[in-house]
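Comments concern the structure below.
The values are calculated or read from the model by the stated rules, or taken from the named source; none is laboratory data. Source: prediction; values computed, not measured. Counting neighbours? That spans all protein chains shown, and the Cβs are built from the backbone with ideal geometry, glycine included. Areas reflect the complete protein model, heavy atoms only, side chains present, ligands, DNA and RNA absent. Shrake-Rupley method; radii C 1.70, N 1.55, O 1.52, S 1.80 Å.
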Amino acid sequence: MKRIVCFGDSNTYGFIPGKGNRYDEHTRWTGRLSELLAPKGYTVIEQGKNGRTTVFDDKTAPDRNGSEALEQLFRRMPPPEYLVMMLGTNDCKTQFHADAAMITEGMALLVSMVRMYWSDTAIWLLSPAPLETACVSGQMGSKFDADSVSKSRELPANYRELARKTGCRFLCVGDIVKADPADGVHLGAASHAILAERLAACFS
């Protein structure tokens with residue numbers, strides 16, 4: 001069986017927009033991807049965590065630094081055939097004061113770490129769906145502002161260029177689905193299904 005590790009934040013974990021609990025394994029995109037690819041000889045390993053960043057330490061919650069989480073994965077498991085990384089949304093939070101270039105540098109560091117420890121693993125770099133303006137006025141307003149939305153919209157072009165330079169495969173999630181208007185940050189159930197089907201086609 002070929003293994004696909006899906007490494008990301010709450011949109012990989014399956015956070016339900018506006019509610020806070022988690023989509024079941026048949027709804028979240030990682031679970032649906034597993035169902036679609038299992039007959040083709042793939043195993044999907046879910047590694048999503050709410051609030052995860054690329055390299056930033058969240059002062060409001062521990063263990064959210066993606067670089068530290070990756071180091072733990074390197075110690076816990078042998079290199080998988082594929083790694084799908086989708087991070088950057090939380091880096092846009094106001095507390096980090098990071099522009100799009102800094103966020104992309106954080107993702108570049110993660111890519112370099114993977115190249116060092118899992119040199120034969122093929123990397124899929126996913127730019128997350130940009131934030132919607134609902135994240136500013138709604139329940140997420142204490143974490144994001146209008147500048148956060150602007151930065152999130154710059155990430156696809158930056159990540160595409162990073163993927164080109166580093167030999168990663170690239171997918172712009174914002175070209176496929178949008179953040180749910182319930183909170184402007186997280187993907188709705190239908191979007192999870194669409195993303196799973198699009199990714200499954202990449203591995204067929």
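Worth a mention:
- Some residue of region 38-47 being more than 20 Å from Leu126 (Cα to Cα), touching a residue at least 60 places away in the same chain (Cβ under 8 Å), among the small types (Gly, Ala, Ser) and assigned to a loop (DSSP other than H, G, I, E, B): no
- Which listed residue, of Arg3, Arg22, is surrounded by 13 or more Cβ atoms within 10 Å (Cβ to Cβ) and under 17 Å from the mean Cα position of the chain (by Cα): Arg22
- Taking residues in region 10-22 that are at pLDDT below 95, and partners anywhere that are among the hydrophobic types (A, V, I, L, M, F, W, C) and part of a loop (DSSP other than H, G, I, E, B), the pairs with Cβ atoms closer than 7 Å and at least 6 places apart or on different chains are Gly18/Ala182.
- Tyr13 being aromatic (Phe, Trp, Tyr), within 15 Å of the chain's Cα centre (by Cα) and under 20 Å from Trp118 (Cβ atoms): no
- Where a residue in region 107-134 is farther than 25 Å from Gly174 by Cβ and its partner, wherever it lies, is open to solvent by 10 Å² or more (accessible area, probe 1.4 Å) and in a strand (DSSP E or B), with Cβ under 6 Å and at least six apart: none
- For region 54-97, taking the residues that are at positive phi and without any contact (Cβ under 8 Å) to a residue 24 or more places away in the chain, the one that is surrounded by the most Cβ atoms within 10 Å (Cβ to Cβ) is identified as Asp63.
- The condition (being over 20 Å from Asp57 (Cα atoms), out of contact with any Ser or Thr (no Cβ under 6 Å at 6 or more places or on another chain), in a helix (DSSP H, G or I) and modelled with pLDDT of 95 or more) is satisfied by just one residue among Glu154, Glu132, Glu105: Glu154.
- Selection count where residues are open to solvent by 30 Å² or more (accessible area, probe 1.4 Å) and either free of Cβ contacts under 8 Å to residues at least 12 places away in the same chain or of a type outside the set (D, E, K, R) (or both), scope region 142-151: 3
- Summed over region 182-204, residues that are part of a loop (DSSP other than H, G, I, E, B) and either of a type in the set (A, V, I, L, M, F, W, C) or in contact with a strand residue (DSSP E or B) (Cβ under 8 Å, 6 or more places away or on another chain) (or both) total 5.
- Ala179 being assigned to a helix (DSSP H, G or I) and modelled with pLDDT of 95 or more: no
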